[in-house]
Amino acid sequence: MAEREPVIGIDLGTTNSVVATVQAGTPVVIKNRAGSNLTPSVVALAKSGKLLVGSIAKRQAITNPNDTVYAAKRLIGRKFSSQQAQDAIAALPYTVVPGEHDDLRVKLGDRHYALPEISALVLRELKADAEQFFGRPVKKAVITVPAYFNDGQRQATKDAGKIAGLEVLRIVNEPTAAALAYGFGKAVSGKIAVFDLGGGTFDVSVLEVGNGVFDVIATGGDTFLGGEDFDNRIIEWLCFDFAKEHGIDLRKDRMALQRLKDGAEKAKIELSTAKETQVNLPFISTPQGPGGAALHLQKILTREKLEELCGDLVQRTVKICDQVLGEAKVRQTDLKEMILVGGMTRMPKVVEAVKQYFRRDPCKGVHPDEVVALGAAVQAEALTGEASNVLLLDVTPQSLGVAIAGGYVRRLIPKNTTVPTSVTEVFNTSRDSQTTVKIMVLQGESEIAHQNELLGEFILTGLREARRGEVEVDVTFDINSEGIVSVSAKDRETGQQQSIQVTASGGLTEDELKHILDEQADLLLEAKSSEEIKARKAELLQLVADVKAVLPKVAKSTQGTDFGTQVVAKANQALDAAQRAAEGENLAAVVSNVDALSKTLNLLNGVVQRMGG
């Protein structure tokens with residue numbers, strides 16, 4: 001019998017990456033050729049012109065900051081013009097430039113590399129380590145991504161795998177992979193939570209586990225919250241004091257910035273076990289002018305000070321946990337286990353916050369740096385083995401929909417929907433004689449179109465000229481098991497169809513997206529959903545009744561004051577507008593007035609409480 005082709009699981013991390021496989025029924029980490037389980041996610045161009053990857057690239061980062069790339073995962077699948085990308089670029093010593101389609105490119109020497117190319121170099125290194133381990137070629141892999149990665153970031157990661165010469169069997173969410181590794185071979189049953197705080201991203205997921213089924217109930221996160229942000233807080237603190245003393249901003253010196261990055265990371269790690277540490281960076285700068293003596297940076301950093309600098313970052317993770325448990329309709333006491341994943345969960349303040357929020361000690365049976373890769377290996381084995389008792393049911397982390405007339409979103413797939421899934425909804429033309437519609441695919445939770453992320457767009461032409469609302473168009477969303485989206489639109493009358501697989505085209509700023517939506521307003525569709533309009537009208541009419549009930553109390557408690565007169569007048573205006581909207585059939589107008597009247601009610605209740613009414 002021929003030996004089965006080897007498969008691997010890869011955790012492509014912001015700071016470090018790990019590759020694993022299943023051997024004799026047990027998931028194991030594959031050491032790299034330097035003998036370590038962790039491979040730094042660092043790529044560099046040496047002075048000789050040779051590309052370096054991993055530890056050898058990281059070791060020369062201080063002397064070669066311009067041509068050493070790290071934390072590429074934070075940029076992959078984003079737009080150069082997006083605010084998040086600009087914020088990240090500002091803290092990097094290497095050069096990032098815009099590509100032809102507003103994507104991000106990294107400048108190494110005379111060449112500009114796309115982000116999937118940079119990630120592919122790391123993946124290729126891991127592939128080579130696995131091939132040395134097996135003694136033969138490795139072609140198939142499962143790769144993990146943060147649960148809160150959007151469609152473009154997932155597609156860009158899959159593209160990186162292809163560039164590296166891998167057949168990517170599946171893209172798996174990191175917390176889900178951790179749960180797979182935790183539950184592999186155990187009689188685990190019940191709800192578990194995975195708290196994953198890594199080098200660049202944060203995720204939390206709640207899963208129902210039992211009989212080999214791993215069913216994700218809800219997930220959430222932040223793709224710009226991780227160890228890099230903790231490092232940056234230390235760097236800012238060091239730079240502020242140095243500038244105050246010497247009048248020099250070290251962040252403008254690329255080599256100094258790289259040394260600060262290295263020193264901050266080491267100090268942060270040391271403070272996981274020590275109460276204080278010294279950041280010692282000799283010859284960090286030289287004053288301008290003749291005869292200037294070299295300047296040194298020496299600073300004591302205590303664990304208490306680090307916790308003060310990063311306290312809000314820790315609280316952001318807790319807030320997201322609270323949101324996800326609410327969406328899952330799960331209480332802390334319902335959880336059987338709490339699993340910590342990612343290097344930043346070694347920080348005592350993080351552990352303390354997690355214990356306090358979840359009201360339990362986290363599981364100590366997993367390795368925070370390795371568990372995600374081990375879970376990816378379990379999934380790879382399940383996808384390629386002759387028999388498998390593992391079933392993974394993941395969810396889409398953010399809602400998906402299309403822009404509709406009025407600047408709103410019609411949500412077709414809510415967040416935390418189990419994938420794969422397919423949804424079709426009927427839309428109408430929004431104006432008379434409309435022969436063309438533009439389908440703008442949006443991802444996010446806001447009902448206002450420009451406050452979401454534009455994933456992609458396409459045009460369906462050749463519609464029959466008719467009065468507004470007479471032509472019907474089917475819009476279908478398909479999401480595969482990896483969370484990658486395909487969208488199609490079909491004219492119900494002629495059968496004419498257009499479709500796209502959404503690729504890494506997101507990242508427009510809110511203002512840019514609003515401008516595009518305003519320009520394309522005449523081409524958008526109008527939602528056809530009498531049930532939703534009916535439900536929203538009921539919500540609006542209830543708000544009308546609530547406002548009318550509290551308004552006399554406000555009038556009485558503020559009688560004779562200019563403030564009271566203004567509040568009552570504004571409330572009556574809001575009521576008039578709401579009642580007009582409730583009498584019509586415009587969904588966007590109803591939604592808008594629900595928001596406006598909710599704010600009015602909150603204001604009135606606040607006035608009553610303040611005035612003691």
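The values are calculated or read from the model by the stated rules, or taken from the named source; none is laboratory data. Remember, it's a predicted structure, so these values are computed and weren't measured experimentally. Please note: Cβ atoms are built from the backbone with ideal geometry, for glycine as well, and neighbour counts cover all protein chains shown. We work out accessible area using only protein heavy atoms, side chains counted, and drop any ligands, DNA or RNA first. Shrake-Rupley method; radii C 1.70, N 1.55, O 1.52, S 1.80 Å.
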- With every protein chain present, what accessible area does F134 have (1.4 Å probe, heavy atoms only), rounded to the nearest 10 Å²? 50
- Theoretical FRET efficiency, 1/(1+(r/R0)^6), r = Cβ-Cβ of D110 and F240, R0 35 Å, to 0.05: 0.45
- Task: With unit charges on the beta carbon (Lys/Arg positive, Asp/Glu negative), name the residue among V43, F563, I248 whose Cα is farthest towards the positive pole of the charge dipole of the chain.
- Result: I248
- Message: Using only the Cα atoms of the range 549-593, what are the Rg and Dmax in Å?
- Response: 13.2, 39
- Query: Which whole-number value in Å² is the accessible area per residue of the range 65-136, probe 1.4 Å?
  - Reply: 40
- Note on the structure: Taking the alpha-carbon centre of each part, the distance from the range 182-257 to the range 388-444 in Å is 29
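Using 0.36 nm times the number of residues separating I300 and R136, minus their current alpha carbon distance, what extension gain do you get?
On the way: separation 164, 0.36 × 164 = 59.04 nm, distance 5.01 nm.
Here the answer is 54.0 nm.
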- Item | Label-to-label distance, nm, for residues given as A187 and A549 (7 Å Cα→Cβ offset) | 5.3
- Message: With the crude spin-label approximation of a point 7 Å out along Cα→Cβ, what separation in nm comes out for K275 versus A569?
- Response: 6.4
- Query: How much accessible area does K162 have with a 1.4 Å probe, in Å² rounded to the nearest 10?
  - Reply: 120
- Note on the structure: Amide H contacts under 5 Å for L297, restricted to residues at least 5 apart in sequence or on another chain and with H modeled in the peptide plane, are L281, F283, I284
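Computed over the Cα atoms, what is the radius of gyration of the range 335-397 divided by 2.2 N^0.38 Å, N being its residue count? Each step should come with its number before you reach the end.
Details: Rg = 14.8 Å, N = 63, 2.2 N^0.38 = 10.6 Å.
Compactness ratio reported: 1.39.
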- Message: Can you give the longest run of the chain that contains no GluC sites (Glu not before Pro) sitting in a DSSP loop with at most 11 other Cβ atoms inside 10 Å?
- Response: 101-385
- Query: What do you reckon, how do K329, K261, K58, K275 stack up by accessible area (1.4 Å probe), largest on top?
  - Reply: K329, K275, K58, K261
- What is the helix-to-structure angle for 115-134, meaning the angle in degrees between its Cα long axis and the longest Cα principal axis of the chain, kept from 0 to 90 and rounded to the nearest 10? 50
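Go through L38, L543 and list them by solvent-accessible area, largest first, probe radius 1.4 Å. Spell out each step's value before the answer.
Details: L38 45, L543 20 Å².
Heavy-atom accessible area, descending, gives L38, L543.
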- Note on the structure: Residue-ordered couplings for the range 311-320, obtained by feeding phi - 60° into the Karplus form 6.51 cos²θ - 1.76 cosθ + 1.60 and rounding to whole Hz (Gly and Pro as x), are x, 5, 5, 5, 5, 4, 5, 5, 4, 5
- Item | Contour minus Cα-Cα distance for A293 and E100 (0.36 nm per residue) | 65.0 nm
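Kindly give Rg over Rh for the range 426-495, based on alpha-carbon atoms, with the Kirkwood expression for the hydrodynamic radius.
Details: Rg = 13.5 Å, Rh = 13.3 Å.
That ratio is 1.01, to two decimals.
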- Note on the structure: Counting only residues 5 or more apart in sequence or on a different chain, those whose built amide H sits under 5 Å from that of S82 are none
- Item | Crossing angle, helix 254-270 versus the chain [Cα axis fit, 0-90 degrees, rounded to tens] | 90
- Task: Give the ranking of D231, D432 by solvent-accessible surface, highest area first, calculated with a 1.4 Å probe.
- Result: D432, D231
- Task: For the range 2-49, just say rounded, prolate or oblate: build the C-alpha gyration tensor, square-root its eigenvalues into a ≥ b ≥ c, call rounded for a/c under 1.5, and beyond that prolate if a/b exceeds b/c, oblate if not.
- Result: prolate
- Note on the structure: Under 5 Å from the placed amide H of R105, counting only residues 5+ away or on other chains, we find V97, G99
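Expected output is a single nm value to one decimal: the length gained when fully extending between D562 and T333, i.e. 0.36 nm times separation in residues minus the C-alpha distance. What is it? Write out the running numbers ahead of the final one.
Numbers: separation 229, 0.36 × 229 = 82.44 nm, distance 5.06 nm.
Extra length available between D562 and T333 comes to 77.4 nm.
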- Task: For the chain, would you read off the P(r) tail past 40 Å as a percentage of all alpha carbon pairs?
- Result: 37
- Query: In debye to the nearest 20, how big a dipole does the range 60-175 give about its Cα centre with +1 on each Lys and Arg Cβ and -1 on each Asp and Glu Cβ?
  - Reply: 320
- Message: Spelling out what I want: for every residue of the range 188-202, take phi, set θ = phi - 60°, compute 6.51 cos²θ - 1.76 cosθ + 1.60 (Karplus), and round to whole Hz; glycine and proline get x.
- Response: 8, 8, x, 8, 10, 10, 10, 10, 10, 10, x, x, x, 9, 10
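Quick one: grab the alpha carbon gyration tensor of the range 116-222, order the square roots of its eigenvalues as a ≥ b ≥ c, and give me rounded if a/c is under 1.5, else prolate or oblate depending on whether a/b is larger than b/c.
Details: a/c = 2.47, a/b = 1.48, b/c = 1.67.
Note, shape of the range 116-222 comes out oblate.
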- Work out from phi, with θ = phi - 60° and the Karplus expression 6.51 cos²θ - 1.76 cosθ + 1.60, the ³J(HN,Hα) of each residue of the range 569-579, listed in order in whole Hz, and give x for Gly and Pro. 5, 5, 5, 5, 4, 5, 5, 4, 5, 5, 5
- Message: Please list, in order, the residues from the range 483-502 whose amide nitrogen is less than 16 Å from a point placed 7 Å along the Cα→Cβ vector of T421.
- Response: 483-487
- How high is the relative contact order of the chain, in percent, with contacts defined as C-alpha pairs under 8 Å that are six or more residues apart? 13
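Given R₀ = 45 Å, FRET efficiency for N389-K266 by Cβ-Cβ distance, to 0.05? Please list the in-between numbers first.
Values: r = 43 Å, r/R0 = 0.96.
Once the sixth-power term is evaluated, E becomes 0.55.
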- Can you send over the solvent-accessible area of H112, 1.4 Å probe, protein chains only, in Å² to the nearest 10? 90
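What's the carbon and sulfur percent of the chain's accessible surface, probe 1.4 angstrom, rounded to a whole number?
Values: 12900 of 26900 Å².
With neighbouring chains kept in place, the figure for the chain is 48 percent.
Any idea what the alpha-carbon Rg over 2.2 N^0.38 Å comes to for the range 240-317? Intermediate results must be reported in sequence, preceding the final value.
On the way: Rg = 14.4 Å, N = 78, 2.2 N^0.38 = 11.5 Å.
So the Cα radius of gyration is 1.25 times the expected 2.2 N^0.38 Å.
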- Where does helix 587-611 land angle-wise versus the long Cα axis of the chain, in degrees 0 to 90, nearest 10? 90
- Message: Restricting the calculation to Cα positions, tell me the Rg (one decimal) and the Dmax (whole number) of the range 26-132 in Å.
- Response: 14.5, 46
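Evaluate the relative contact order of the range 406-487 (contact order divided by residue number), counting alpha-carbon pairs under 8 angstrom at least 6 apart; express in whole percent. Intermediate results must be reported in sequence, preceding the final value.
Details: 145 pairs, mean separation 32.6, N = 82.
Result for the range 406-487 is 40 percent.
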